[in-house]
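Participant: One structure coming up, written as structure tokens, with questions to follow.
The values are calculated or read from the model by the stated rules, or taken from the named source; none is laboratory data. Everything quoted here is computed from the prediction, not taken from an experiment. Every residue, glycine among them, receives a Cβ derived from its backbone with ideal geometry; neighbour counts consider all protein chains shown. Surface accessibility is based on the protein's heavy atoms, side chains included, excluding ligands, DNA and RNA. Shrake-Rupley method; radii C 1.70, N 1.55, O 1.52, S 1.80 Å.
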Amino acid sequence: MDCLVIKGGKPLKGEVKISGAKNAALPLMAATLLTGEECTLRNLPNLSDVRFMSSILKSLGATVETGRGSIKVRAKKIEGFGDYDLIRKMRGSICILGPLMGRLKEAKISMPGGCVIGARPIDLHLKGMRDLGAKISIKSGYVHAKTKDLRGAESFLGGRCGPTVLGTANLMMAATLAKGKTVIHSAACEPEIEDLANFLIAMGAKISGAGSPTITIQGVKKLYGAEHRVIPDRIEAATFALAGAVTNGNVKVQGCVPGHLSAVLDKMREAGVKFSLEKNSIHIKPSKKLKSVDITTMPHAGFPTDVQAQMMVLMLKSPGISIITERIFESRFMHVNELARMGADISIEGPSAIVKGGKPLSGADVMASDLRASAALVLAGLSAQGTTRVNRVYHIDRGYEDIDGKLRSLGANIKREPGH
Ligand code: EPU
């Protein structure tokens, strides 16, 4: 297992180009199953999760042709229900449920378990399918959903922690081929949902309201092949903007949509980070004085849970006490103990982390536990004095394309080595 070795304490400088969004790419790839015609997706990030999804599509009988940053998928005929083990290994693969229901009126997928960031139930995904008329059974580790006829319906998808992103994606995809009209209430408003709707519309779907809490889908008989460019990854953009800020660097984050990051930018501004915005870039500049700020993660357009860990590193650099409250996933503080190895002073009180910032961090051997926690450890390593070794870096390769190469191009002293 590779590790990243970082010699920190150097301000980052230069420009970095943001890749396509992982969390848009996975449902978009799944959506290609809704038609037997060829679909092309461009600006796909080169990530292990994306390669994984390609394997899942192939295991369902689709032909997949991979180019540089693009993919052509043709699911002329869907054979079987895919490889149980492949689907079980990646949580994002739950987004094949909606397309299989739309296309075959039946889906059998391995029931995903919890993961390090929390329980990750799929009750709302199943509720959406039931609302369209599916009968669901869970047996021997499989979820089996089936119906003779998918029928449009009113479906409320708000859960204990708000809307569900992939649950909304699944219902929207299934409803494109249902009979009649579906209205999703309390739908997720994430930009990735809007991107998916745009692709589905290009395929011939009739959808309005995506990006708002009410999405209306008028079912059609058939969808067609289409081409689509994946939106830039807002979480990667936030991670690089924060990498600039925690090293007191001068970094231009290119090819992103600042409007997708309003909550993060607002908190960075409140924390005293200096930056300017252009249509497709965020320019982080050296800041004189950082301040503590309080953050609560929320569904879009609130502060994203996927940036919570990275923001914590900025709070460690800011003198004073910051309270970071995680409202989306119950155990998304796995990075806290690892940051403590670097000298961080953080205590956990229920869903909140109390961060006492302004103390210097020093390099240490740390263990990545999940994707965004790993990104936070890399940021901490860049801002610390001395050498940090981030082990189990395969987590980061799931969601950041060539993170070490991109950081090196900004002048970071970071290399990849075989580790434990
Ligand atoms: N939830 C339920 N029931 C459900 C589904 C979700 O109670 O049936 C709860 C979850 O437990 C959680 C909340 O609803 O408390 C939100 O979960 P959501 O369903 O929105 O998460 P997701 O769709 O499974 C996507 C991203 C995550 C990101 C979340 C929240 C993908 C592939 N994954 O997951 O990304 O954190 O939305 O924005 O799109 C990451 O990239 O590191 C990552 C974990």
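Participant: Give the Rg (one decimal place) followed by the Dmax (whole number) of the stretch 82-192, computed from C-alpha coordinates and expressed in Å.
Facilitator: Cα-based Rg and Dmax for the stretch 82-192 come out at 13.1, 40 Å.
Participant: Taking θ = phi - 60°, what integer Hz values does the Karplus form 6.51 cos²θ - 1.76 cosθ + 1.60 yield along the stretch 247-261, in sequence order, with x for Gly and Pro?
Facilitator: Result, ordered by residue: 9, 6, x, 10, 10, 9, 8, 9, x, 10, 10, x, x, 6, 10 Hz.
Participant: Could you work out what % of the accessible surface of the chain is carbon and sulfur, using a 1.4 angstrom probe and leaving DNA, RNA and ligands out of the count?
Facilitator: That fraction is 51 percent.
Participant: Would you work out if the stretch 208-258 is rounded, prolate or oblate? Take a ≥ b ≥ c from the square roots of the eigenvalues of the alpha-carbon gyration tensor; rounded if a/c is under 1.5, else prolate when a/b is larger than b/c, oblate otherwise. Write out the running numbers ahead of the final one.
Facilitator: Numbers: a/c = 5.44, a/b = 2.56, b/c = 2.12.
Prolate, since a/c reaches 1.5 and a/b exceeds b/c.
Participant: Okay, moving on. How much of the DSSP bridge set in the chain is antiparallel, in percent, rounded to the nearest 5? Please report the intermediate quantities before stating the final value.
Facilitator: Values: 61 of 81 bridges.
Roughly 75 percent of the DSSP beta bridges within the chain come out antiparallel.
Participant: Same structure again: Search the structure for amide H atoms under 5 Å from the amide H of F303, placed 1.01 Å from N in the peptide plane, and list their residues when 5 or more places away or on another chain.
Facilitator: Amide H neighbours of F303: M298.
Participant: Packing-wise, with mean Cβ within 10 Å as the measure, how do 310-321, 157-168 rank, highest first?
Facilitator: Put in order of decreasing packing, that is 310-321, 157-168.
Participant: Quick one: work out the % antiparallel among DSSP beta bridges in the stretch 175-218, nearest 5.
Facilitator: Details: 8 of 9 bridges.
Around 90 percent antiparallel, to the nearest 5.
Participant: Given the -39500 (n - 2.57) contribution per DSSP H run of 4+ residues, what per-residue ellipticity at 222 nm results for the chain, rounded to the nearest 500 deg cm²/dmol?
Facilitator: -9000 deg cm²/dmol
Participant: Grab the eigenvalues of the alpha-carbon gyration tensor for the stretch 22-229, scale each by 5, take roots, and send me the semi-axes largest first in whole angstrom. Please report the intermediate quantities before stating the final value.
Facilitator: Numbers: eigenvalues 95, 77, 59 Å².
With the √(5λ) rule applied to the stretch 22-229, the semi-axes are 22, 20, 17 Å.
Participant: If you take every residue apart from P27 with its C-beta less than 13 Å away from the C-beta of P27, what net charge results, scoring Lys and Arg +1 and Asp and Glu -1? Show your work: numbers first, answer last.
Facilitator: Values: positive: K22, R91; negative: D49, E190, E192, E194, D195.
Residues close to P27 contribute a combined charge of -3.
Participant: How do 225-234, 102-111 rank on mean C-beta neighbours within 10 Å, highest first?
Facilitator: Values: 225-234: 21.8, 102-111: 19.7.
Descending packing order for the listed peptides: 225-234, 102-111.
Participant: Starting from the amide H of S70, placed 1.01 Å from N in the peptide plane, find each other amide H under 5 Å away whose residue is 5 or more places distant or on another chain.
Facilitator: L44
Participant: May I ask you to derive the relative contact order of the stretch 22-229, considering only C-alpha pairs under 8 Å and at least 6 residues apart, and to give it as an integer percent?
Facilitator: Working: 479 pairs, mean separation 43.2, N = 208.
Taking the mean separation of contacting Cα pairs over the length of the stretch 22-229, I get 21 percent.
Participant: Express the Stokes-Einstein translational diffusion coefficient of the chain in µm² s⁻¹, to the nearest whole number, given a Kirkwood radius over alpha-carbon pairs, 25 °C and a viscosity of 0.890 mPa s. Please list the in-between numbers first.
Facilitator: Working: Rh = 21.8 Å.
Roughly 113 µm²/s, to the nearest whole number.
Participant: Could you order peptides 135-144, 407-416 by the average number of other Cβ atoms within 10 Å of their residues, highest first? Write down the numbers at each step before the final one.
Facilitator: Values: 135-144: 12.8, 407-416: 17.9.
Put in order of decreasing packing, that is 407-416, 135-144.
Participant: In whole angstrom, how far apart do the alpha carbon centroids of the stretch 41-69 and the stretch 184-240 sit?
Facilitator: Measuring centre to centre over Cα atoms gives 19 Å.
Participant: Where Lys and Arg each count +1 and Asp and Glu each count -1, what net charge lies around H300 among other residues with Cβ under 15 Å from its Cβ?
Facilitator: Working: positive: R234, K267, R327; negative: E190, E192, E194, D195, D233, D266, D306.
That sum, taken over residues with Cβ under 15 Å, equals -4.
Participant: Something else about it: Report relative contact order for the chain in percent, whole number only (criteria: Cα-Cα under 8 Å, sequence separation at least 6).
Facilitator: The normalised contact order for the chain reaches 22 percent.
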